[in-house]
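The values are calculated or read from the model by the stated rules, or taken from the named source; none is laboratory data. Note that the structure is a prediction, hence the values are computed from the model and not measured. Note: ideal-geometry Cβ built from the backbone for every residue, glycine included; neighbour counts use all protein chains shown. Side chains are part of the model used for accessible areas, which takes the heavy atoms of the whole protein and leaves out ligands, DNA and RNA. Shrake-Rupley method; radii C 1.70, N 1.55, O 1.52, S 1.80 Å.
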Amino acid sequence: MDDEPLSQWAERRAERVGQLRAVPFVSGEGPRGAHLNPDAPRAIQRWNGHMWEPYAFAANLAEAQRVLFPDTGTAPSSGPAPKLGPGSGRHRKPRSPR
C-alpha cells in the first residue's frame, strides 16, 4: 500500500486549522468569483479542523481582503531590480552576473 502515515496526514490537516475564507452573501445559485459582486457583504469563516465556522463579517470585498490578508499593507521588500540584456522586446532575459 502507498498510504501515508497517520502522523503525516494529521500534520497536514492541522496546518489548515485557523485558515480564513470570505464567502459573499448573494442570492441565486450561490457564491461565484469574489470579483463579480465586490460590494456584496461577506461572511468571514474560519476552519476549525472539522468545518467552516463563522468568524467575522465584512461589508464588502475590500474590507474582507483586509481581514484575510492583514500584512499586505506593508511596504514591499526593496531590492535591486535585475539588469536586463539588450533588446526592446518582451523576451529580454536578465544578464548573468559577471
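Name the pairs whose Cβ atoms lie under 7 Å apart, with the first residue in region 10-24 and over 25 Å from residue 37 (Cα atoms), the second of a type in the set (Lys, Arg), and 6 or more positions between them or separate chains?
Taking only residues 6 or more apart or on different chains, the pairs are 18/46.
Does residue 3 satisfy the condition of being among the acidic types (Asp, Glu), within 21 Å of residue 56 (Cβ to Cβ) and surrounded by fewer than 11 Cβ atoms within 10 Å (Cβ to Cβ)? If you could, list the steps in order and put the result at the bottom.
Details: among the acidic types (Asp, Glu): yes; within 21 Å of residue 56 (Cβ to Cβ): no; surrounded by fewer than 11 Cβ atoms within 10 Å (Cβ to Cβ): yes.
So residue 3 fails the test.
Give me the pairs, please: first residue somewhere in region 48-67 and of a type in the set (S, T, N, Q), second residue anywhere and outside any loop (DSSP other than H, G, I, E, B), beta-carbon distance under 6 Å, and either six or more positions apart or on two chains.
Note: no pairs meet the criteria.
Consider region 24-48. How many of its residues are at pLDDT 85 or above and either open to solvent by 100 Å² or more (accessible area, probe 1.4 Å) or in contact with a Gly (Cβ under 9 Å, 6 or more places away or on another chain) (or both)? It would help to see each step written out before you state the result.
Residues of region 24-48 at pLDDT 85 or above: 24, 38-48.
Now narrow it down to the ones that are either open to solvent by 100 Å² or more (accessible area, probe 1.4 Å) or in contact with a Gly (Cβ under 9 Å, 6 or more places away or on another chain) (or both): 39, 46-48.
Matching residues across region 24-48 total 4.
Among (1) open to solvent by less than 70 Å² (accessible area, probe 1.4 Å); (2) at pLDDT 70 or above, there is one condition residue 9 misses while meeting the rest; what is its number?
The failed condition is (1).
So, in region 1-36, exactly how many residues are within 18 Å of the chain's Cα centre (by Cα) and in a loop (DSSP other than H, G, I, E, B)?
7
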